[in-house]
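Engineer: Before we start, here is the structure in question, set down as structure tokens.
The values are calculated or read from the model by the stated rules, or taken from the named source; none is laboratory data. Not measured: the values here are computed from a predicted model. Glycine also receives a Cβ, built like all others from the backbone with ideal geometry; neighbour counts cover every protein chain displayed. Each accessible area value is taken on the protein alone, full model and side chains, heavy atoms only, with ligands, DNA and RNA left out. Shrake-Rupley method; radii C 1.70, N 1.55, O 1.52, S 1.80 Å.
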Amino acid sequence: MTDKTSNQMWGGRFADRPDAIMEAINASIGFDKRLAAQDIAGSRAHAAMLAATGIVEDNDVEAIRKGLLTVLSEIESGDFEFSTALEDIHMNVEARLKEVVGEAAGRLHTARSRNDQVATDFRLWVRDQLDAAESGLLALMRALVAQAEAGADWVMPGFTHLQTAQPVTWGHHMLAYVEMFSRDLGRVRDARARMNESPLGAAALAGTGFPIDREMTAKELGFDRPMANSLDAVSARDFALEFLSAASISAMHLSRMAEELVIWSSAQFRFVTLSDRFSTGSSIMPQKKNPDAAELIRAKIGRIFGANVALMMVMKGLPLAYSKDMQEDKEQVFDAADNWLLALAAMEGMVRDMQGNVPALEAAASHGFSTATDLADWLVRETGLPFREAHHVTGSLVAMAEKKGCDLPDLTLADMQSVHGSITEGVFEVLGVHNSVASRMSYGGTAPARVREQVARWQEILG
């Protein structure tokens, strides 16, 4: 047998080359080439450690580290030729490194396995995506806070069951999403802190007999510490699952807001105008301005949540330590990360550009008996009625207004007194939508004064 009849990286045990179908199902280079920068960073750190511990001579390590930079440059410039026969990014890099620096390249894999190598690469890549997600969430939150500041006293309907419930302010509604995305940000930061441990040095599964320095490689790669158990180090993918979980929850929040923007920008609502930069037209209807960015964000949750479920299914039955099933982790995470980060950027752009239609918002807030609860509360405060009785009286007044085809503030005092004689002229002070929102001064309430307090708090937090 010669090297030409088998894979040069692992073929000594085998007498024949893999079947073409085996090669196709086994190869991951088509997608894991995205780990090139992380793979080379990990290899450079490992090489430096091999020299520092005297495992490999300094001159060989110097050649390896320089050669790895040459390989990285070729990959980044698009001049690198990836080979399916070499299976993955690790073997492709190592094979090219051998062409660049010669036999010294073979010493790079001392005290290391592809198992701890890929676990390290993948953790580095996911960590980068968490950092990018943090930036995207912060940008979106700042855009929402800017909208909240601009519309702290714009009145709009608040909904339950998509039915008019009570008046709220635009600023209050924007800040609700700031709170949601702040929790997403917390999950991102928590996930990053938890996954920031280095698998490098765990080797195949049991560690190594070489006198390596795992603290050194962990520090070089920006990890807080090396992972404490070699079996766990090569087999754990909960860091990827936690990433997908955080992405799924955040995408759900994005989808909820996207749904509102689709509704609000419709001709029936006219609450907002989305910018041309995040809208499209129709091929046949010239009047159309479609909120396609919002609709596509709304659809992303399916892909992202699907990735989370898919990786759960891959991992759920695997015994320790490494199994080839785990090669199926990356495509799911790559796709979810791409779509999450794109959705965050698109939503930030839409929020920053969108214009609230203040007259339409206020008109909608004034319809649908939105101040009915204010009327019931007034009856409790001013007449001493128990709330349940006040609720019944208010319901009767709503029915009367509905029959007359008007809203509650349009009823006369005589109309109201015909339902309950203790109602006075003072009731009209609470029936206007501006009075209603101004009265909601409880902590977390929609009053403009409270909204401005929260805007100031978030501006300080976000910087």
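Engineer: Do we find a residue being of a type in the set (Ser, Thr, Tyr) and within 30 Å of Gly302 (Cβ to Cβ) anywhere in the range 262-272?
Structural biologist: yes
Engineer: Right, here's the next one. Of the numbered conditions (1) at pLDDT below 90; (2) farther than 30 Å from Glu149 by Cα; (3) open to solvent by 60 Å² or more (accessible area, probe 1.4 Å), His392 satisfies every one except a single condition; which is it?
Structural biologist: Among (1) at pLDDT below 90; (2) farther than 30 Å from Glu149 by Cα; (3) open to solvent by 60 Å² or more (accessible area, probe 1.4 Å), His392 violates only (1).
Engineer: Taking Arg65 as the residue in question, decide whether it is closer than 23 Å to Lys330 by Cα and of a type in the set (D, E, K, R).
Structural biologist: no
Engineer: Going by what's in this entry, would Asp88 be described as within 32 Å of the chain's Cα centre (by Cα) and crowded, with 17+ Cβ neighbours inside 10 Å?
Structural biologist: Yes.
Engineer: Another question, if that's okay. Output the qualifying pairs, or none if there are none: Cβ atoms under 6 angstrom, residues six or more apart or on different chains, first residue in the range 207-222 and over 20 Å from Ala41 (Cβ atoms), second residue surrounded by fewer than 16 Cβ atoms within 10 Å (Cβ to Cβ).
Structural biologist: Going by the 6 Å Cβ cut-off, the qualifying pairs are Pro211/Thr53.
Engineer: So, of the residues in the range 32-67 that are outside any helix (DSSP H, G or I) and under 18 Å from Ser113 (Cβ atoms), which turns out to be least open to solvent (accessible area, probe 1.4 Å)?
Structural biologist: Ranking the qualifying residues of the range 32-67, first place goes to Val56.
Engineer: Turning to a different aspect of this structure: Determine if the range 9-24 includes at least one residue that is of a type in the set (Lys, Arg) and at pLDDT 70 or above.
Structural biologist: No: the range 9-24 contains no residue that is of a type in the set (Lys, Arg) and at pLDDT 70 or above.
Engineer: Go through the range 98-136 residue by residue and tally those that are of a type in the set (Gly, Ala, Ser), open to solvent by less than 30 Å² (accessible area, probe 1.4 Å) and under 30 Å from Asp184 (Cβ atoms).
Structural biologist: 3
Engineer: Kindly indicate whether Leu241 is at negative phi, touching a residue at least 24 places away in the same chain (Cβ under 8 Å) and surrounded by 18 or more Cβ atoms within 10 Å (Cβ to Cβ).
Structural biologist: Here the answer is yes, as Leu241 does meet what is asked.
Engineer: Anything in the range 158-173 that is out of contact with any Asp or Glu (no Cβ under 9 Å at 6 or more places or on another chain) and either buried (at least 23 other Cβ atoms within 10 Å of the Cβ) or among the basic types (Lys, Arg) (or both)? List them, or say none.
Structural biologist: Val168, His172
Engineer: Still on this structure: I need the full set of residues from the range 180-200 which are of a type outside the set (A, V, I, L, M, F, W, C) and either more than 27 Å from Ala132 (Cβ to Cβ) or open to solvent by 60 Å² or more (accessible area, probe 1.4 Å) (or both), in order please.
Structural biologist: Across the range 180-200, the qualifying residues are Arg183, Arg187, Arg189, Asp190, Arg192, Arg194.
Engineer: Another question, then. Any idea which of Ala37, Ala63, Ala85, Ala95 is hydrophobic (A, V, I, L, M, F, W, C), over 21 Å from Gln327 (Cβ atoms) and not assigned by the TED database to the domain that holds Pro199?
Structural biologist: Ala63
Engineer: Among the numbered criteria (1) surrounded by 16 or more Cβ atoms within 10 Å (Cβ to Cβ); (2) outside the structural domain of Leu244 (by the TED database); (3) of a type in the set (A, V, I, L, M), which one does Ala399 miss?
Structural biologist: (1)
Engineer: Would you mind listing the helices (runs of 4 or more DSSP H) fully within the range 291-367 where at least 1 residues are modelled with pLDDT of 95 or more, among the small types (Gly, Ala, Ser) and out of contact with any Phe, Trp or Tyr (no Cβ under 8 Å at 6 or more places or on another chain)?
Structural biologist: In the range 291-367, the matching helices (runs of 4 or more DSSP H) lie at 292-315, 329-353.
Engineer: Moving to a separate point now. Return only the number of the condition from (1) surrounded by 16 or more Cβ atoms within 10 Å (Cβ to Cβ); (2) over 21 Å from Thr160 (Cα atoms) that Arg381 does not satisfy.
Structural biologist: (1)
Engineer: Another question, if that's okay. Exactly one of (1) assigned to a helix (DSSP H, G or I); (2) farther than 30 Å from Phe278 by Cα; (3) at pLDDT 90 or above; (4) under 38 Å from the mean Cα position of the chain (by Cα) is unmet by Thr373. Its number?
Structural biologist: Unmet condition: (3).
Engineer: With (1) surrounded by fewer than 16 Cβ atoms within 10 Å (Cβ to Cβ); (2) more than 20 Å from the chain's Cα centre (by Cα) as the list, and Val314 as the residue in question, which single condition is left unmet?
Structural biologist: With (1) surrounded by fewer than 16 Cβ atoms within 10 Å (Cβ to Cβ); (2) more than 20 Å from the chain's Cα centre (by Cα) applied to Val314, the lone miss is (1).
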